[in-house]
Amino acid sequence: MHSETPDTDPAPAAAPRTRQRPTHRKGRATLTRAGVGQAALEFLGSRGAAELTMRSLANDLGVSPRALYNYVEDRRDLISVAAEVFEARWQPPALDTEQWQDSLRRYLRDLRAHYRRHPGMTTLALSENITMARHPAMLRNVDGLIGFFAEVGLPLRDAYLACMEAIRLVAGFVELQDRAYDRPPPDLDPADLEQVPPPWLRSGSGDELPHLRRASQELAAESPDALFEFAMDVLVGGLTGRAR
């Protein structure tokens, strides 16, 4: 007489382990497409678009230019990836339709802060004819802002135009106003930033230009923050008149 071995289910096979790319190799961070775009974005913030080349970025990363071509096709593709990273990094504050004017101001201030952290990105994308709407995050943000304006009473046409104008306001202000304060060009005299009107308008402010002359005599320089608040007041005031 022999004992029977009870039937048992075979142990399930272990799931194959997913091989993950090491984050570092020989003490240096490994490259990824997103990482190369991030490096390009940081490069633009510190040195500017004219100096950004595949060779200069590779030198910053401590790799050969050939290594970058494993992740981006060329400089144009590099800028495209940087633009995608730029858009993905901004998480906008929630918009409140019950107090929409104040909510919009908070939204625009936050967007301005994001643009200031990455100066020159918008101008570079425009000059290189690279769309910044490649990343789904930007499309969602734009769609949400249009919807916000529609909810507060703007017709769809006005809601769309208001969204575009709000973005232009912030991008233009950062590029034309904030940039000179945040990263003054080497040939800029800091005293020029304190002149009202600015030097390029003062040379002709004689008797034939009475309003510029009065402004130069009576007005004091204001901080970029104060000027941005004024710009938002103009935008919000105009939209308030159009909202139902």
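On the basis of being open to solvent by less than 50 Å² (accessible area, probe 1.4 Å) and at pLDDT 90 or above, does Ala49 make the cut? Against the criterion (open to solvent by less than 50 Å² (accessible area, probe 1.4 Å) and at pLDDT 90 or above), Ala49 does not qualify.
Within the stretch 68-78, is even one residue acidic (Asp, Glu), more than 16 Å from Leu145 (Cβ to Cβ) and without any contact (Cβ under 8 Å) to a residue 12 or more places away in the chain? Yes, that holds for at least one residue.
Taking the condition touching a helix residue (DSSP H, G or I) at 6+ places or on another chain (Cβ under 8 Å), of a type in the set (A, V, I, L, M) and outside any loop (DSSP other than H, G, I, E, B), does Ala226 pass? Against the criterion (touching a helix residue (DSSP H, G or I) at 6+ places or on another chain (Cβ under 8 Å), of a type in the set (A, V, I, L, M) and outside any loop (DSSP other than H, G, I, E, B)), Ala226 does not qualify.
The residues of the stretch 113-147 that are at pLDDT 85 or above, under 24 Å from Arg183 (Cα atoms) and surrounded by fewer than 17 Cβ atoms within 10 Å (Cβ to Cβ), listed by number, are Ala113, Arg117.
Among the residues of the stretch 62-102, how many are open to solvent by 50 Å² or more (accessible area, probe 1.4 Å) and in a helix (DSSP H, G or I)? Qualifying residue count for the region: 6. Just one of the listed residues (Gln99, Gln91) is within 30 Å of Gly238 (Cα to Cα) and modelled with pLDDT under 95, and it is Gln91. Contact map, the stretch 217-244: first residue within 17 Å of Ile167 (Cα to Cα), second residue of a type in the set (Lys, Arg) and open to solvent by less than 70 Å² (accessible area, probe 1.4 Å), Cβ cut-off under 9 Å, separation 6 or more or different chains; pairs are Phe228/Arg112; Glu229/Arg105; Met232/Arg105; Asp233/Arg105; Val236/Arg105. Per the listing Leu201, Leu209, the residue uniquely surrounded by 13 or more Cβ atoms within 10 Å (Cβ to Cβ), free of Cβ contacts under 8 Å to residues at least 24 places away in the same chain and more than 27 Å from Leu108 (Cβ to Cβ) is Leu209.
Scanning the stretch 165-187 for residues that are farther than 19 Å from Glu229 by Cβ and either surrounded by 13 or more Cβ atoms within 10 Å (Cβ to Cβ) or touching a Ser or Thr at 6+ places or on another chain (Cβ under 8 Å) (or both) yields Arg183, Pro184.
The values are calculated or read from the model by the stated rules, or taken from the named source; none is laboratory data. Because the structure is predicted, anything quoted here is derived from the model rather than measured. Note that we place each Cβ from the backbone using ideal geometry, even for glycine, and neighbour counts take in every protein chain shown. All accessible areas refer to the heavy atoms of the entire protein, side chains included, with ligands and DNA or RNA removed. Shrake-Rupley method; radii C 1.70, N 1.55, O 1.52, S 1.80 Å.
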